[in-house]
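The values are calculated or read from the model by the stated rules, or taken from the named source; none is laboratory data. Everything numeric here is computed off the predicted structure, so don't read it as measured data. Quick reminder, even Gly has a Cβ in these numbers, built from the backbone with ideal geometry, and neighbours come from all protein chains shown. SASA here: full protein model, heavy atoms, side chains in, ligands and nucleic acids out. Shrake-Rupley method; radii C 1.70, N 1.55, O 1.52, S 1.80 Å.
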Amino acid sequence: MAVELTTIFSDKVDDAFTIGAVSNPFTNQDYTWDGARSIIATSTNTVDMTDYTTVGTSRYGTPAEATGNQQTMTLNKDRAFTYTVDKMRENETQLKAEKILARQLAEVIVPEVDIYRFAEMFKGGTNLTTNYGSKAYEAVVRANEKLDEAKVPTANRMIVTKSTFYADLKLDPAFTGLGDLAQSDIKYKGQVGMVDGASVVRVPANYLPTGVSFIIAHASATVAPIKLADYKIHLDAPGISGSLVEGRIYYDAFVLNQKKNAIVSYKPTGTVAG
């Protein structure tokens, strides 16, 4: 008999990605994959302005043909896990199948999705390669400047930084005098304050690609669907005296071609490729 986890474990399953995933504020769910594996995002072009003239038959200028670009996004990350818990072990040690699942969600599944999303953001966005050395705060300001030049909205910008760079930032004398890192108004999991108007989320070093110190981004740039998150406990499955747990998650992450300038990574020259 299979026990649907949405029945007995719904709070942990449903909340795993809304509470546990630090990458959520960096992404959006603007597209739906219901009934489809692929989605095509279409972007339109713009035309140059010209002076209006009061004579002739082309008073608005010469018409330019409207064009557009299409980006096909196809989900490819179809992942799974399984384990068993013997009935007597569960009885004698209080090693419960659902408790193990809670750890699987928190320590394996959610981090995997976070790491994958940040990797896709790094690959799809732009990179700040100038090595600012100990001037950590300047690196953040320059990355923010790139977003400004790309006309990215200043509201809701997010920075994900590995712990070592965060330490460099706090020790930077320029930041000590000019920074705005504060513990007030914490909105997101892992957030440690604000820097240069952007919310800062601190993560372990392995959450970011090798050599990347931080990524600053606007959520509009990255689409991160989780089409399926399915977890079951089978009680006394054939050949097993106890619990058989199976799980599957079908997800992906895509940087929109027309919004890739809304993501800037800081991978200074001289770092190892990753």
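Numbers at a glance
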{"quantity": "Cut-off 11 Å between beta-carbons: net charge of the residues surrounding Q71, Lys and Arg +1, Asp and Glu -1", "calculated": "+2"}
{"quantity": "Cα-projected label distance for L235 with T54, points at 7 Å along beta-carbon direction, nm", "calculated": "8.7"}
{"quantity": "Approximate spin-label separation V108-K87, in nm, with each point projected 7 Å along Cα-to-Cβ", "calculated": "2.4"}
{"quantity": "Rel. contact order, % - alpha carbon contacts under 8 angstrom, at least six apart, the chain", "calculated": "30"}
{"quantity": "Length gained when the stretch S43-L228 is fully extended (0.36 nm per residue, less Cα-Cα span)", "calculated": "63.9 nm"}
{"quantity": "Summed residue charge, Cβ within 14 Å of K267's Cβ, Lys/Arg positive, Asp/Glu negative", "calculated": "+4"}
{"quantity": "Fully extended contour minus Cα-Cα distance, from Q258 to T130, at 0.36 nm per residue", "calculated": "43.6 nm"}
{"quantity": "Förster radius 35 Å - calculated FRET efficiency between L171 and D78, Cβ distance, rounded to 0.05", "calculated": "0.20"}
{"quantity": "Positive-end residue, the chain charge dipole about Cα centroid, Cβ charges, pick of I226, T74, T126", "calculated": "T126"}
{"quantity": "Chain lengthening between T164 and D148 when straightened (0.36 nm per residue, less Cα-Cα)", "calculated": "3.2 nm"}
{"quantity": "Out-of-range pairs (alpha-carbon distance over 32 Å; input K151/K267; K135/K260; K99/K170; K151/K189)", "calculated": "K99/K170"}
{"quantity": "Sulfur and carbon atoms: percent of accessible area, the chain [1.4 Å]", "calculated": "51"}
